[in-house]
């Protein structure tokens with residue numbers, strides 16, 4: 001019973017955070033709502049007894065992604081009147097909700113077909129050690145090519161962001 | 001040990017080449033970097049071509065990688081196309097990137113990273129690996145599209161492509177999660193075993209997961225409900241990148257799509273076929289409309305590439321309806337489209353080297369007087385794209401429509417033939433502009449260099465693929481190519 005109520009609470013925060021991220025006009029508020037959603041998601045992982053994912057979620061999504069975007073927002077410091085005007089924003093959002101409703105039904109339907117019997121988790125489930133064993137034993141190839149993915153993304157980002165005064169023409 | 005290393009050597013060479021290029025990018029000139037990139041790619045190409053047809057299906061490092069990295073003729077044929085596409089892109093555009101000051105050394109490394117991603121995608125026998133490989137390839141292409149960063153059109157194209165691409169990429173991972181939820185594994189063989197054994201199981205979860213994966217694949221192909229980015233991105237990207245995307249990146253998507261539908265979801269194919277039929281009709285009609293309405297040649301070719309996806313989707317939906325010809329037909333069409341589109345975009349970028357304006361139909365008036373050689377080559381590629389007999393494009397369409405009729409989709413085949421006739425309009429308009437109008441400028445002397453020679457060789461291959469038999473050894477003609485395609489598909493189906 002306790003985990004159910006915790007789950008409902010976390011889900012509420014997740015939904016509120018996601019809605020706030022889309023709904024707020026000020027980008028700072030959006031970023032903080034996003035942080036709330038990410039923290040709630042980390043809580044979900046903790047509820048599943050997966051301590052590694054819980055830590056990784058907080059460190060990467062909250063610690064790195066949200067803080068970095070907050071830093072950008074604060075350093076750019078956009079004034080309220082310079083933000084783009086979106087008069088019919090909520091009407092558009094309603095339209096989008098109607099548009100993606102069938103997709104949501106499909107996803108809901110898929111979830112109801114999930115098997116209800118689960119394999120028992122073994123000793124040390126969700127621990128750092130088990131996570132490391134899984135990554136380096138069963139998933140070596142994806143794990144290794146992720147490094148190439150990050151390198152390619154980094155090179156691409158540097159190429160796009162780098163300023164080259166000689167090429168300004 | 002060394003045997004295993006030899007198996008992954010082509011892929012390793014490409015990624016090592018990318019690292020070497022990154023290290024050299026500040027010290028070498030663009031010309032030298034280009035040669036280094038071509039050297040690595042052709043090394044990989046040569047190893048693959050020696051291996052094609054001689055290896056049995058096997059996994060690389062099975063005790064370490066599990067069954068994630070598969071090596072069969074199917075993936076080797078795709079590797080050959082990727083490396084050849086990248087080599088052609090680099091060699092034909094040597095003059096182009098020297099004429100633009102926004103190119104720098106990282107360009108070559110990004111192309112090699114992208115080829116590496118596509119090669120892993122063709123070899124991957126597991127959904128998470130496939131997703132990461134797809135992202136490697138697309139992230140490099142995102143950066144390449146926005147390479148001209150001080151150009152608004154180019155930056156806009158990159159942002160559009162990146163945001164839409166990342167969002168549809170999320171569908172792939174969601175679909176993988178659903179399939180994992182049902183099967184308990186993301187390995188394609190486990191999924192196939194789960195799906196193909198009839199029992200009292202609900203396949204709804206696998207089906208929805210498969211549909212989500214298909215969304216990503218169809219988006220990157222540019223099928224019609226997901227096509228809104230195609231024309232703008234193709235136009236915004238620099239010419240060499242457009243050529244790379246249209247000829248090489250598009251093929252990579254069919255690698256994973258064919259592997260999925262032939263191994264993975266073979267018994268669910270009836271359901272796919274219904275969805276795919278609708279998408280095919282939309283793609284053929286919408287793509288034709290896109291292509292007809294354009295004034296710029298680059299945008300017209302972008303629109304027509306949507307139509308060509310539509311032709312391949314005709315055969316793709318025939319797979320599920322029991323046509324043995326369908327899968328080899330797609331392979332053959334991929335080869336033919338690869339040759340013709342790479343040639344057409346190659347000529348465009350070759351011409352664009354000297355001028356910076358957008359090329360419209362009007363600019364091609366009297367082109368045959370100014371550049372008789374190039375316009376003859378362009379005419380050949382246009383004939384092939386429209387499916388004129390005696391070119392490779394005709395045979396490609398012939399096999400596609402045969403497979404559609406074989407599987408009983410007469411209406412779809414009919415629609416395909418109608419759109420082929422419509423496509424004659426926008427392709428022949430260019431030929432008419434080049435040959436039947438007087439030139440406004442004087443004839444200019446133009447240098448005949450290596451790029452021109454390569455374009456000529458490709459035009460010869462387009463014709464040889466349409467009429468040739470195996471008279472000349474080592475150069476596969478029309479029947480040789482379809483045999484290669486069949487061999488590749490056979491190697492794929494031997495797994496089970």
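Residues of the stretch B:110-127 being within 13 Å of residue A:149 (Cα to Cα) and either at the interface with another protein chain (Cβ under 10 Å from one of its Cβ atoms) or touching a strand residue (DSSP E or B) at 6+ places or on another chain (Cβ under 6 Å) (or both), which ones?
Matches in the stretch B:110-127: B:110, B:112, B:113, B:114, B:116, B:117, B:120.
Let me confirm something: among B:112, B:91, which residue is under 19 Å from the mean Cα position of the chain (by Cα) and closer than 28 Å to residue B:228 by Cα?
Going through B:112, B:91 in turn, the sole match is B:112.
Looking only at residues that are more than 7 Å from chain B (Cβ to nearest Cβ) and closer than 18 Å to residue B:133 by Cα in the stretch A:137-156, which one is surrounded by the fewest Cβ atoms within 10 Å (Cβ to Cβ)?
So in the stretch A:137-156, the residues more than 7 Å from chain B (Cβ to nearest Cβ) come out as A:137, A:139, A:143-144, A:147, A:150-151, A:154.
Narrowing the set further to residues that are closer than 18 Å to residue B:133 by Cα leaves A:139, A:143-144, A:147, A:150-151, A:154.
Numbers: A:139: 18, A:143: 15, A:144: 12, A:147: 9, A:150: 12, A:151: 17, A:154: 12.
By that ranking, first place goes to A:147.
Of the residues in the stretch B:364-408, how many are without any contact (Cβ under 8 Å) to a residue 60 or more places away in the chain and under 17 Å from residue B:440 (Cβ atoms)?
Residues that pass the stated criteria total 1.
Which condition does residue A:53 not pass, out of (1) at pLDDT below 90; (2) more than 29 Å from residue B:210 (Cα to Cα), if it passes all the others?
Exception for residue A:53: condition (2).
Limited to the stretch B:41-62, what total is found for residues that are assigned to a loop (DSSP other than H, G, I, E, B) and more than 14 Å from every other protein chain (Cβ to nearest Cβ)?
Residues of the stretch B:41-62 that are assigned to a loop (DSSP other than H, G, I, E, B), as a first pass: B:52-57, B:60-61.
Checking the rest, the ones that are also more than 14 Å from every other protein chain (Cβ to nearest Cβ) come to B:52-57.
Matching residues across the stretch B:41-62 total 6.
If you go through the stretch A:122-131 one residue at a time, do you hit one that is closer than 30 Å to residue B:121 by Cβ, more than 10 Å from chain B (Cβ to nearest Cβ) and either in a helix (DSSP H, G or I) or free of Cβ contacts under 8 Å to residues at least 12 places away in the same chain (or both)?
Taking the stretch A:122-131 first, the residues closer than 30 Å to residue B:121 by Cβ are A:130-131.
Okay, now just the ones that are also more than 10 Å from chain B (Cβ to nearest Cβ), so A:130-131.
Still in the list and also either in a helix (DSSP H, G or I) or free of Cβ contacts under 8 Å to residues at least 12 places away in the same chain (or both): A:130-131.
The answer is yes; a qualifying residue exists.
Which residues, taken from the stretch A:14-28, are in contact (Cβ under 8 Å) with a residue 24 or more places away in the chain and not in a helix (DSSP H, G or I)? Reasoning before the result, please.
Of all residues in the stretch A:14-28, those in contact (Cβ under 8 Å) with a residue 24 or more places away in the chain come to A:14, A:22-23, A:25-28.
Once the filter is applied, which keeps residues that are in contact (Cβ under 8 Å) with a residue 24 or more places away in the chain and not in a helix (DSSP H, G or I), the stretch A:14-28 yields A:25, A:26.
Given the criterion modelled with pLDDT under 90 and surrounded by 20 or more Cβ atoms within 10 Å (Cβ to Cβ), identify the matching residue among B:101, B:125. Write out each step before concluding.
Details: B:101 fails: surrounded by 20 or more Cβ atoms within 10 Å (Cβ to Cβ).
Matching residue, one of B:101, B:125: B:125.
With B:5, B:30 as the choices, which residue is surrounded by 14 or more Cβ atoms within 10 Å (Cβ to Cβ) and over 18 Å from residue B:84 (Cα atoms)? Outline the logic, then answer.
On the way: B:5 fails: surrounded by 14 or more Cβ atoms within 10 Å (Cβ to Cβ).
None of the others qualify; the one that does is B:30.
Report whether or not residue A:159 is within 14 Å of chain B (Cβ to nearest Cβ), in a helix (DSSP H, G or I) and at pLDDT 90 or above.
Values: within 14 Å of chain B (Cβ to nearest Cβ): yes; in a helix (DSSP H, G or I): yes; at pLDDT 90 or above: no.
No.
Hey, can you tell me all the residues within the stretch A:34-54 that are in a helix (DSSP H, G or I) and surrounded by fewer than 15 Cβ atoms within 10 Å (Cβ to Cβ)? Even if it seems obvious, please write down each step before you answer.
Initial filter on the stretch A:34-54 (in a helix (DSSP H, G or I)): A:34-47, A:51-54.
Listed by number, the list holds a single entry, A:47.
One residue is enough: does the stretch A:96-106 have a residue meeting the conditions facing chain B (nearest Cβ under 8 Å) and either under 30 Å from residue B:134 (Cβ atoms) or touching a strand residue (DSSP E or B) at 6+ places or on another chain (Cβ under 6 Å) (or both)? Step through it out loud before you land on a result.
Filtering the stretch A:96-106 for residues facing chain B (nearest Cβ under 8 Å) gives A:106.
So of that shortlist, the ones also either under 30 Å from residue B:134 (Cβ atoms) or touching a strand residue (DSSP E or B) at 6+ places or on another chain (Cβ under 6 Å) (or both) come out as A:106.
Yes, the stretch A:96-106 contains a residue that is facing chain B (nearest Cβ under 8 Å) and either under 30 Å from residue B:134 (Cβ atoms) or touching a strand residue (DSSP E or B) at 6+ places or on another chain (Cβ under 6 Å) (or both).
In the stretch A:76-95, is there at least one residue being under 30 Å from residue B:133 (Cα atoms) and either away from chain B (no Cβ under 14 Å) or part of a helix (DSSP H, G or I) (or both)?
Step one: list which residues in the stretch A:76-95 are under 30 Å from residue B:133 (Cα atoms), which gives none.
For the stretch A:76-95, residues under 30 Å from residue B:133 (Cα atoms) and either away from chain B (no Cβ under 14 Å) or part of a helix (DSSP H, G or I) (or both): absent.
Does any residue of the stretch B:46-60 turn out to be buried (at least 22 other Cβ atoms within 10 Å of the Cβ), touching a helix residue (DSSP H, G or I) at 6+ places or on another chain (Cβ under 7 Å) and closer than 27 Å to residue B:455 by Cβ? Explain how you work it out, then say what you get.
Our first condition is that a residue be buried (at least 22 other Cβ atoms within 10 Å of the Cβ); within the stretch B:46-60, this holds for B:48.
With touching a helix residue (DSSP H, G or I) at 6+ places or on another chain (Cβ under 7 Å) added as a condition, the list becomes B:48.
Within this subset, residues satisfying the condition of being closer than 27 Å to residue B:455 by Cβ are B:48.
Yes: one or more hits.
What about residue A:115, is it in a loop (DSSP other than H, G, I, E, B) and within 14 Å of chain B (Cβ to nearest Cβ)? Break it down into steps so the answer makes sense when it comes.
Numbers: in a loop (DSSP other than H, G, I, E, B): yes; within 14 Å of chain B (Cβ to nearest Cβ): yes.
Yes: the conditions hold for residue A:115.
Quick check on the stretch B:63-98: of everything there that is within 11 Å of chain A (Cβ to nearest Cβ) and assigned to a helix (DSSP H, G or I), which residue is surrounded by the fewest Cβ atoms within 10 Å (Cβ to Cβ)?
B:63
Being surrounded by 15 or more Cβ atoms within 10 Å (Cβ to Cβ), away from chain B (no Cβ under 14 Å) and assigned to a helix (DSSP H, G or I) narrows it down to one residue among A:110, A:11, A:31; which is it?
The conditions single out A:31.
With respect to residue B:38, is the statement that it is more than 14 Å from chain A (Cβ to nearest Cβ), buried (at least 18 other Cβ atoms within 10 Å of the Cβ) and under 20 Å from residue B:110 (Cα atoms) true?
On the way: more than 14 Å from chain A (Cβ to nearest Cβ): yes; buried (at least 18 other Cβ atoms within 10 Å of the Cβ): yes; under 20 Å from residue B:110 (Cα atoms): yes.
So residue B:38 passes the test.
I'd like to verify a number: residues in the stretch B:1-29 that are assigned to a helix (DSSP H, G or I) and modelled with pLDDT of 85 or more, how many? Step through it out loud before you land on a result.
Filtering the stretch B:1-29 for residues assigned to a helix (DSSP H, G or I) gives B:2-7, B:9-24.
Okay, now just the ones that are also modelled with pLDDT of 85 or more, so B:9-24.
Result for the stretch B:1-29: 16.
Looking at the stretch A:1-20, which of its residues are more than 30 Å from residue A:123 (Cβ to Cβ) and modelled with pLDDT under 90?
Within the stretch A:1-20, none qualify.
Quick test for you: out of B:34, B:104, pick the one residue that is in a loop (DSSP other than H, G, I, E, B) and over 30 Å from residue A:136 (Cα atoms).
The conditions single out B:104.
Inside the stretch B:104-122, can you point out the residues that are farther than 30 Å from residue B:181 by Cβ and modelled with pLDDT of 85 or more? Steps first, please.
Start the filter on the stretch B:104-122 by keeping residues that are farther than 30 Å from residue B:181 by Cβ, which leaves B:104-116.
Once the filter is applied, which keeps residues that are farther than 30 Å from residue B:181 by Cβ and modelled with pLDDT of 85 or more, the stretch B:104-122 yields B:106, B:107, B:108, B:109, B:110, B:111, B:112, B:113, B:114, B:115, B:116.
Going through the stretch B:129-172 one residue at a time, which ones are more than 12 Å from every other protein chain (Cβ to nearest Cβ), surrounded by fewer than 18 Cβ atoms within 10 Å (Cβ to Cβ) and touching a helix residue (DSSP H, G or I) at 6+ places or on another chain (Cβ under 8 Å)?
Residues satisfying the conditions are B:153, B:156, B:160, B:164.
The values are calculated or read from the model by the stated rules, or taken from the named source; none is laboratory data. Remember, it's a predicted structure, so these values are computed and weren't measured experimentally. All Cβ positions, even for glycine, are placed from backbone atoms using ideal geometry, and neighbour counts span all protein chains on display.
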